[in-house]
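Remarks on the structure that follows.
The values are calculated or read from the model by the stated rules, or taken from the named source; none is laboratory data. Because the structure is a prediction, the values reported are computed rather than measured. Because the Cβ atoms are built from the backbone with ideal geometry, glycine has one as well, and the counts that use them run over all protein chains shown.
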Amino acid sequence: SGKPHSTGSSERIQLSGMYNVRKGKIHLPVNRWTRRQAILCGTCLIVSSVKESQTGKMHVLPLIGGKVEEVKKHQHCLAFSSSGPQSQTYYICFDNFTEYLRWLRQASKIASQRISSVDLSCCSLEHLPANLFYSQDLTHLNLKQNFLRLNPSPSTSRALSELQRFTKLKSLNLSNNNLGDFPLAVCSIPTLTELNVSCNALRSIPAVVGEMHKQTFLLDGNFLQSLPDELEHMHQLSYVSLSFNEFTDIPGVLEKLTAMDKLCMSGNCLDTLNLQVLKRMPHIKHVDLRLNSIRRLEADEIDFLHHVTQLDLRDNKLGELDATVFNNVEVLHCERNQLVTLKISGYFLKALYASCNELVHLDVYPVPNCLAYMDVSRNHLENLPEWVCDSRKLEVLDVGHNQIRELPARLFNSSSLRKLLAGHNMLGRLPDRLERTQVEVLDVQHNQLLELPSNLLLKADSLRFLNASANKLEMLPPATLSEETHSILQELYLTNNNLTDKCVPLLTGHPHLKILHMAYNRLQSFPASKMAKLEELEEIDISGNKLKAIPTTIMNCRRMHTVIAHSNCIEVFPEVMQLSEIKCVDLSCNELSEVTLPENLPPKLQELDLTGNPRLALDHKTLELLKSAISGIRCFKIDQPSAGDASGAPAVWSHGYTEASGVKNKLCVAALSANNFCDNREALYGVFDGDRNVEVPYLLQCTMSDILAEELQKTKNEEEYMINTFIVMQRKLGTAGQKLGGSAVLCHIKHDPMDPGGCFTLTSANVGKCQTVLCRNGKPLPLSRCYVMSCEEELKRIKQHKAIITEDGKVNGVTDSTRILGYTFLHPSVVPRPHVQSITLTPQDEFFILGSKGLWDSLSMDEAVEAVRNVPDALAAAKKLCTLAQSYGCNDSISAVVVQLNVTEDSFCCCELNGVPPPSPGIFPQSVNVVIKDRPTDALGMPSSSSGMASEISSEISTSEMSSEVGSTASDEPPQVAMNESSPAYPGEQRCMLHPVCLSNSFQRQLSSATFSSAFSDNGLDSDDEEPIEGVFTNGSRVEVEVDIHCSRAKEKQLLQVPVEASDEGIVISANEDEPGLPRKAEYSAVGTIGRRRGNGSVAPHERSHNLIEVATDAPLRKTGGYFAAPAQPDPDDQFIIPPELEEEVKEIMKQHQEQQQQQQQQQQRQYPMDHLADYYDTPL
């Protein structure tokens, strides 16, 4: 089983044209010649039913097995006839002999063909289609994953019993049809050699199958407990698959099927493996018993089982395993058991897989001289067995995540060892004096190394990869003792050590270095002369140091494509923009004051991050340059300091986030951040991971906040509204969720409006491998759970639904998460029900982290909390987590959100006790963020930035408008009205210390932020098959503008009922269509650009529903493709498509419409004089 097959795509059109066509017998007068569109497409003739048009019903005539004949009564005429008892004939007269001859040759080739293979899988068939029987020459028929029944209805004759008409059929696939009973008709097909009836809820196999001559018989995913004895007559049967049934022991009839060489019984109910049964099956070489409940092996009076060469016992419940009875075993799998001791025969052992156990002792006798691969990671080993060093053919050794304190010197001197993975141990040192070693990959990260062996790089001539991150290194060993060097080292990871400037000159001994990670060390400078010698360098990460500049000699690195240097003290913008191959530049969290860009930006530049530079200001020229190049930059991020915070309100929470693409340069993750959600005292954060697809994360990012806002109106129970949000989101995914899926985690902070003196509650919900962890008193407190095959209850549920779990631990080979959004074709095995956990925030809660799969695969929760606990800035903390994950070996896309908390004893709100609604906690952050970011066009993107405080604006905005918004922060003129700081804005009002009052008539500088979106896209291609995903598309860029708002009196607020919502970037006023049920007030054209702030952080016009997708489905469809036909903002190019000949007429109509609007506005102004407008609605825009 696999992903659904798309049946909507047509084959290539070979010939087409407009000809005279006549249907039926040519001598009948009722049938007349008419002009019709005729198409020769694939193996069919298609004729339109509407005159001279391709619209309407299309008549399809299958040609395979039919006839193409010349009609002599008419010039240039051909007769096309289909095969079968209900054959039809079409006559076509061509205009000239050339076309006649071309159609005759091409159609004759098709008619002479014979169908041998038909694939009708995933077509929702309830009975066999009639055209399936046009040819009796089928040899392969695939009817997988349909709704076929043995006897669908008395009125139809195309039941499964008709399959016996295919007398030449060799292969038949009827899996995933839920038949209930075995189809006896297949027993009458004499030529059938391969039959697949998996996942059909079969409870028994009839005895008549013993008369068949099958070679392959697949019975996986049923309810079988026994097999008929008549199977012993199937002497040619070489493969029988009985996985994921309900067998409690090995069927005895298999002993007589001597042609079998593999026993496939994974996912059954065996609790004991009786070796006596295996001894009576000498023809079996490969035994697959994974995912059972085997606790012990019964080996009474058994000497040796010489015939078994491969044994798979992974995912059982073995506490100890003595496999010496399998003296000829070559490959042994015993991962994810509870093994403490393991004994194996080493005579012919080639590969040993024993990870994720509790091993403290590993005994292999004799020395396995054929052993090439050994994985004993994630155990409790304290020492490496001596026999490992004596294995002469060992190439790959993985002993990571153990408790090993020392590695023997003989191991490095092995002539065969190529890859040594010893990370996450307790190594204090490596062998001092090494002889020449052939190791190519060495991973010793997360140990306690103070230094590396002095001659390690001198003797390791073959070393290409070295990862020594997360140690205590202060110095590096030299690579050469002279000017000549033989080093071929290409990747060097030294992040999170204590390295100083002294180690930088030693890097020049590696001239072939391509990737260098030295983040979070103690570097203060990087000499220019040393950088100049690293000419082949392509990627460098020197974040988290104390560098003040990047050397100008980086220009010598012509192949450089990634420069990451955030969280330093860099004051001068480096000359990285001169590099022609540069793609990603991250200079966030530095001390830049200006940016110097060349006239022509690098053609491959995709990301430029300058957030967290408080002194940075962009001039008009730089903004103009960025505007002209915005179509090529996927993401440009920048912020500037605000003019000051007049409110002085303490922030209860603040956040920062970052995203990083994977090795395929696809950003398959997305983040959601709304400091100001719903009733202004709530916050919502989320992380979404699509694994290898970019569509689902952005659909989740765009939609889930709106769904949550709607569910909050229905219920206040945390678990109920979170579960409903995920279930509704599953339905909203539509066609995109059929083929694709994604993990998600949502964190909602809320304050009970019925209890103004109460505390804040944090609710976390997740599916997949996106998770949340809360730091309380410096210790991690997990708020999420991963539902995978290792969960006992999930494995039991999967087995009940008879899904197939492949050897890589994935349901039907698709996903290893049993609870995830999307993948609806795997229901009910894979469900979207989330894990929900709520917790009351206390002053001991410091921060919480949301991360994608890539983050938690590389960092443990304890390590993540410890890494960012002392980082004061949320943005810098998120950046650090991402950098650490990448240096520790993560190649997937990463997204991390860090939310810092400041919950004090008095962090409860008493404003409502005085009748005044409080503002949102923490809606006045200290920086103004501008993000120029391009999401893929299929993303339906959300406003995002590294700090999570930015909205989006299209590249169509003028540079003057940009500069007025971005550069006018420090030049705002003081208000003309004198301020009395002692006079409150609300006379007689009392505020809590969490929400101090706003001064009367004072100028409140709110956040102005913008995002420039371009049309950069990967065309909706999936990274696996590179085909467009049906039903997922978008229509371009969005325009969202936030304006500066002046404060005013509360009394004046009540005069004008214009919806106002506070946000984490500022206040946005809406003058679009009002919400249903609200009285419509006057509209004022002088108010400026007005829009409603959505719950997910974006700006959108008022609609009747918070869900833009539902609104789109109610509107007339402009395109085909599925549920998501509406982005966060409508595309201007998608609204008006004007032919050139109607352009003048349309302009005149629009002019008249504008004049009518002006007259209406003048009437409204006379009704509501402008003098009554509150002064805080005056804006520079």
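Check the range 389-410 and report whether any residue there is in a loop (DSSP other than H, G, I, E, B), in contact with a strand residue (DSSP E or B) (Cβ under 7 Å, 6 or more places away or on another chain) and polar (S, T, N, Q). Checked the range 389-410: no residue is in a loop (DSSP other than H, G, I, E, B), in contact with a strand residue (DSSP E or B) (Cβ under 7 Å, 6 or more places away or on another chain) and polar (S, T, N, Q). If a residue must be in a loop (DSSP other than H, G, I, E, B) and more than 15 Å from Glu539 (Cβ to Cβ), how many such residues does the range 575-586 contain? Residues that pass the stated criteria total 1.
Cβ-Cβ distances below 6 Å connect the following pairs, each with a first residue in the range 89-111 that is among the hydrophobic types (A, V, I, L, M, F, W, C), a second residue that is part of a helix (DSSP H, G or I) and at pLDDT 90 or above, and a separation of six or more residues or different chains: Phe94/Tyr100. In the range 400-416, the residues that are within 17 Å of Val441 (Cβ to Cβ) form Cβ pairs under 8 Å with partners that are at pLDDT below 95 and not in a loop (DSSP other than H, G, I, E, B), at six or more places apart or across chains, as follows: Leu411/Val388; Leu411/Cys389; Ser414/Cys389.
For every residue, the table says whether it meets (1) among the charged types (D, E, K, R); (2) under 27 Å from the mean Cα position of the chain (by Cα); (3) on the phi > 0 side of the Ramachandran plot; (4) buried (at least 16 other Cβ atoms within 10 Å of the Cβ).
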residue	(1), (2), (3), (4)
Glu535	yes, no, no, no
Ile542	no, no, no, yes
Lys546	yes, no, no, no
Thr562	no, yes, no, yes
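Taken over the range 31-44, the criterion of being among the hydrophobic types (A, V, I, L, M, F, W, C) and over 42 Å from the mean Cα position of the chain (by Cα) is satisfied by Trp33, Ala38. All conditions but one from (1) farther than 30 Å from Arg731 by Cα; (2) in contact with an Asp or Glu (Cβ under 6 Å, 6 or more places away or on another chain) apply to Ser852; the one that does not is (1). Output the residue which, of all residues in the range 308-350 that are surrounded by fewer than 17 Cβ atoms within 10 Å (Cβ to Cβ), of a type in the set (A, V, I, L, M, F, W, C) and touching a strand residue (DSSP E or B) at 6+ places or on another chain (Cβ under 7 Å), is farthest from Ser293 (Cα to Cα). Applying the filter and picking the extreme gives Val331. Scanning the range 704-755 for residues that are among the hydroxyl-bearing types (Ser, Thr, Tyr) and either over 17 Å from the mean Cα position of the chain (by Cα) or within 23 Å of Arg785 (Cβ to Cβ) (or both) yields Ser705, Thr715, Tyr721, Thr725, Ser743. Scan the range 445-460 for residues that are in a loop (DSSP other than H, G, I, E, B) and more than 33 Å from the chain's Cα centre (by Cα) and the total you get is 9.
Pairs linking a residue in the range 248-275 that is without any contact (Cβ under 8 Å) to a residue 60 or more places away in the chain to a residue that is among the basic types (Lys, Arg) and assigned to a loop (DSSP other than H, G, I, E, B), with Cβ atoms under 8 Å and 6 or more positions apart or on different chains, are Glu255/Arg280; Asp261/Lys285; Lys262/Lys285; Asp271/Arg295; Thr272/Arg295. Taking the range 69-116 as the range and being out of contact with any helix residue (DSSP H, G or I) (no Cβ under 9 Å at 6 or more places or on another chain), polar (S, T, N, Q) and part of a loop (DSSP other than H, G, I, E, B) as the test, the residues that pass are Gln88, Asn96, Ser112, Gln113, Ser116.
Every test in (1) more than 29 Å from Glu358 (Cβ to Cβ); (2) part of a loop (DSSP other than H, G, I, E, B); (3) not acidic (Asp, Glu) is passed by Pro431 save one, and that test is (1). Quick test of your reading of the structure: Met260 fulfils all but one of (1) assigned to a helix (DSSP H, G or I); (2) closer than 17 Å to Ser243 by Cβ; (3) not polar (S, T, N, Q). Name the failing condition by number. Checking Met260 against (1) assigned to a helix (DSSP H, G or I); (2) closer than 17 Å to Ser243 by Cβ; (3) not polar (S, T, N, Q), the one that fails is (1).
With respect to Arg522, determine if the residue is basic (Lys, Arg), more than 31 Å from the chain's Cα centre (by Cα) and closer than 23 Å to Glu607 by Cα. Considered against the rule, which asks whether it is basic (Lys, Arg), more than 31 Å from the chain's Cα centre (by Cα) and closer than 23 Å to Glu607 by Cα, Arg522 comes out as no. Name every residue in the range 187-216 that is assigned to a strand (DSSP E or B), out of contact with any helix residue (DSSP H, G or I) (no Cβ under 8 Å at 6 or more places or on another chain) and not polar (S, T, N, Q), in order of residue number. The one that is assigned to a strand (DSSP E or B), out of contact with any helix residue (DSSP H, G or I) (no Cβ under 8 Å at 6 or more places or on another chain) and not polar (S, T, N, Q): Glu194.
Rundown of residues vs (1) assigned to a loop (DSSP other than H, G, I, E, B); (2) at pLDDT 90 or above; (3) basic (Lys, Arg); (4) surrounded by 22 or more Cβ atoms within 10 Å (Cβ to Cβ), yes/no style:
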site: Phe573; (1), (2), (3), (4): yes, yes, no, no
site: Cys589; (1), (2), (3), (4): yes, yes, no, yes
site: Asn600; (1), (2), (3), (4): yes, no, no, no
site: Ala643; (1), (2), (3), (4): yes, no, no, no
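Residues in the range 727-738: is at least one in contact with a helix residue (DSSP H, G or I) (Cβ under 8 Å, 6 or more places away or on another chain), crowded, with 24+ Cβ neighbours inside 10 Å and within 15 Å of Gln837 (Cα to Cα)? Among the residues of the range 727-738, not one is in contact with a helix residue (DSSP H, G or I) (Cβ under 8 Å, 6 or more places away or on another chain), crowded, with 24+ Cβ neighbours inside 10 Å and within 15 Å of Gln837 (Cα to Cα), which makes the answer no. Taking first residues from the range 162-186 that are within 12 Å of Asp137 (Cα to Cα) and partners that are surrounded by fewer than 21 Cβ atoms within 10 Å (Cβ to Cβ) and aromatic (Phe, Trp, Tyr), the Cβ contacts under 8 Å between residues at least 6 apart in sequence or on separate chains come to Arg165/Phe133.
Taking the stated definitions as given, is Asn467 buried (at least 16 other Cβ atoms within 10 Å of the Cβ), more than 17 Å from Ile564 (Cα to Cα) and not β-branched (Val, Ile, Thr)? Yes, satisfied. Scan the range 249-265 residue by residue and report those that are more than 14 Å from Leu224 (Cβ to Cβ), buried (at least 19 other Cβ atoms within 10 Å of the Cβ) and under 38 Å from the mean Cα position of the chain (by Cα). Selection gives Leu263 alone. The strands (runs of 3 or more DSSP E) falling completely within the range 698-794 that include 1 or more residues that are polar (S, T, N, Q) map to 741-751, 760-767, 771-776. Once the range 553-571 is narrowed to residues that are assigned to a loop (DSSP other than H, G, I, E, B) and polar (S, T, N, Q), the residue that is nearest to Val871 (Cα to Cα) is Ser567. Looking at this structure, is Thr806 within 27 Å of Gly889 (Cβ to Cβ) and among the polar types (S, T, N, Q)? For Thr806, the condition - within 27 Å of Gly889 (Cβ to Cβ) and among the polar types (S, T, N, Q) - is met. The residues listed here are Ser416, Ser377; of these, the one that is in contact with an Asp or Glu (Cβ under 7 Å, 6 or more places away or on another chain), surrounded by fewer than 17 Cβ atoms within 10 Å (Cβ to Cβ) and not aliphatic (A, V, I, L, M) is Ser416. When the range 301-339 is filtered for residues that are more than 18 Å from Asn274 (Cβ to Cβ) and touching a helix residue (DSSP H, G or I) at 6+ places or on another chain (Cβ under 9 Å), only Asp315 remains. The single condition among (1) of a type outside the set (D, E, K, R); (2) at pLDDT 90 or above; (3) surrounded by 19 or more Cβ atoms within 10 Å (Cβ to Cβ) that His76 does not meet is (2).
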